[in-house]
Amino acid sequence: MAAEGGGKETNDIKTQFTTREGVYKLLTHSEYSRPNRVPFNSQGSNPVKVSFVNVNDQSGNGDRICFNVGRELYFYIYKGVRKAADLSKPIDKRIYKGTQPTCHDFNALTATAESVSLLVGFSAGQVQLIDPIKKETSKLFNEERLIDKSRVTCVRWVPGSESLFLVAHSSGAMYLYNVENACGTAAPHYQLLKQGENYAVHTCKSKSGRNPLLRWTVGDGALNEFAFSPDGKFLACASQDGYLRVFGFDAAELHGTMKSYFGGLLCVCWSPDGRYIVAGGEDDLVSVWSFSDCRVIARGHGHKSWVSVVAFDHCTTSVEDGDPPAEFSGSDEDFYEQIHFSAGRDRANSAHSRLSNRNSTDSRPVSMTYRFGSVGQDTQLCLWDLTEDILFPHLPLSRTRTHTNVMSATSPPATGQNATNTISTSTTNPSGTNGKDAVSNSSTGGNTPNSLPGTLPRSNSLPQSPNPAGGGSTPNSHTGSSNSSCSSSNNNTAKGSSIIDSALIAAGVGKFATLSLYESRKERPEKDHKRVHSVGGVGSKSTDKLTQLSASRAPKGDTAKTLGTVLCPRMEEVPLLEPLVCKKIAHERLTVLIFLEDCLVTACQEGFVCTWARPGKVGLLSSQNNPTNSPSGTVV
């Protein structure tokens, strides 16, 4: 693990950290919070959330920030690394009574210097449309709570639309609204439009245009977060029942599913090109899921408690065109001659623009290294790299090109190994399918073992300290596991899928996938999975810890043994990522992680929104703009 120091040092709040790009530094003078900077009493309150929008201001300072703290909602000019924050002059400030803001989202498509459209979801179920520049409240949806009475967990504008937005609730339902339509004076009546495995979509029966347009019911339990793919065609949903479900949004058809190791999934995000999805939750892990293969390709273990947010860093992702290596056969040297390596990492604007020109159905091959981050209730920030040894473990790797630490799960890791930038080349892609074709690894004659690498890599792009017990478990045989990967959009059950897999999915909804296919050494009490410190870091027998803990958390009589199947492979069956960076950066649990071009932004439940300057960007601020900014209540 990339944790530095020992003893008491590991509990210190870090104000900077180093990656191969350089040093990221906390800019205390650029911290946003309540105007008096008094820490917020977060007990029983909803998570602090942050939303950004650019209004294309001619002054060059067009970024705007919105964040909620308790019952309060703030809207500021965001000056980032350019200038110190001025908390005495919020553009708009609102204090709500009887309910609390839980989430919000700007419509970037309609934002101007004179007007922005901001959706705000609330703990009592309502959704408000406001314009914080004009200081107006446009509309209130679900005002009488006739549509849904439960807490709003996530709200998003539909990509490319000026009027449609999607709202998720802790009831497990999602609703599609049109800002032009009113809500009815009575509870809406619905008609079934489409139904599949553990989800259903209904239309609202009304003679005139009424909200909601559609109602989705997904899984069992709260729908904690959803995210649209970069092209807006697919929707990934993270639910409390532990399932990640990916839908074709327009067709309302299930593309694929994944199950958490145990517990609920709390957060989800897409890679910039739509090829991969990362989800995190109550198993303390980050799981990387391939959109095209519909399977888990890696897990990351660095957090000691629930993972609150996962996000890809568009600006530190290298991308270049290349030939697909799937059909390659030959030496390592010939393989690398066929790939056009970039001279260095693309800068933020070029990488982002090139990724934006691609979507999740683009057929052109691309080779890249993905960077993503995560924050959790353990107050830690982790950064991760997805490199080609993880994405394509069957391809030959040149030792001159990559020094990523690759090891067998039965052998100890090499020590002091430096890692250089690697470029991964994508093979199978979701092009042309539009969610219509099922992908299945099952043979007609029976179940086939999952296609897994013989040696499971632990990836880390920084030098590692000796880890005497890393990867000490022996991989178990999984020849009996189901291998059906994707749900067909044209058929509810793919022809190649095994009957066992279908039964597991049907029986597993609403329950943790926590039963091990072998007995744990001893039962662990419920208190072992605490809110703040549940599972230790990667190290001594971490796989055994997770397996035993998952078995102890399983409800009695649970027959949905999804652990060990393609829905939820065991820890030793997929590569294990170790974080590039794993730092404690706050006193309270972290609830926000956003990557911007010149910085990254985090926020904790105390109500402090922090800016971390990227390497080389810290000098943009002059020293005279450094007011005292400690969380002790100093007024700016």
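The values are calculated or read from the model by the stated rules, or taken from the named source; none is laboratory data. Remember, it's a predicted structure, so these values are computed and weren't measured experimentally. Here Cβ is always computed from backbone atoms with ideal geometry, including for glycine, and neighbour counts include all displayed protein chains. All accessible areas refer to the heavy atoms of the entire protein, side chains included, with ligands and DNA or RNA removed. Shrake-Rupley method; radii C 1.70, N 1.55, O 1.52, S 1.80 Å.
So for His314, His202, what's the accessible-area order with a 1.4 Å probe, most first?
His314, His202
Which residues in region 173-198 have a backbone N closer than 12 Å to a point placed 7 Å from the Cα of Ser208 along the Cα-to-Cβ line?
It comes to 181-185, nothing else.
With each pseudo-label sitting 7 Å past Cα toward Cβ, what's the Gln43-Asp220 distance in nm, one decimal?
3.4 nm
Report, in listed order, any pair from Lys135/Lys207; Lys149/Lys583; Lys14/Lys135; Lys14/Lys79 with a Cα-Cα distance greater than 27 Å.
Where the Cα-Cα span goes over 27 Å, the pairs concerned are Lys135/Lys207; Lys149/Lys583; Lys14/Lys135.
How large is the accessible surface of Arg82 in square angstrom, using a 1.4 angstrom probe and rounding to the nearest 10?
Rounded to the nearest 10, the figure is 90 Å².
Would you mind calculating the gained length between Glu180 and Asn36 on full extension (0.36 nm times residue separation, minus the Cα-Cα distance), in nm to one decimal?
Taking 0.36 nm per residue and subtracting the Cα distance, the gain is 48.0 nm.
At a 1.4 Å probe radius, which order do Ser239, Ser138, Ser117 fall into by accessible area, largest first?
The residues order as Ser138, Ser117, Ser239, largest area first.
At 1.4 Å probe size, with no ligands or nucleic acids counted, give the accessible surface of Ser208 in Å², nearest ten.
Per-residue accessible area (Ser208): approximately 70 Å².
Here is the link list: Lys205/Lys233; Lys233/Lys561; Lys89/Lys134. Which ones come out longer than 20 Å on Cα distance?
From the list (Lys205/Lys233; Lys233/Lys561; Lys89/Lys134), the Cα-Cα distance tops 20 Å for Lys205/Lys233; Lys233/Lys561.
Calculate, in nm to one decimal, what Thr18 and Lys89 gain on full extension: separation in residues at 0.36 nm each, minus their alpha carbon distance.
Details: separation 71, 0.36 × 71 = 25.56 nm, distance 3.39 nm.
This chain segment gains 22.2 nm when fully extended.
For the pair Asp598 and Ala113, what calculated FRET efficiency results from E = 1/(1 + (r/R0)^6), where r is the Cβ-Cβ distance and R0 = 22 Å, to the nearest 0.05?
In this case the efficiency is close to 0.55.
As an exercise, find the ratio Rg/Rh for region 140-248 from alpha-carbon atoms, using the Kirkwood inverse-distance average for Rh.
Details: Rg = 13.3 Å, Rh = 14.1 Å.
Rg divided by Rh gives 0.94.
Roughly speaking, to the nearest percent, how much of region 163-213's 1.4 Å accessible area is carbon and sulfur? Could the numbers behind the result be given before it?
Values: 1160 of 2400 Å².
Within region 163-213, the accessible surface is 48 percent carbon and sulfur.
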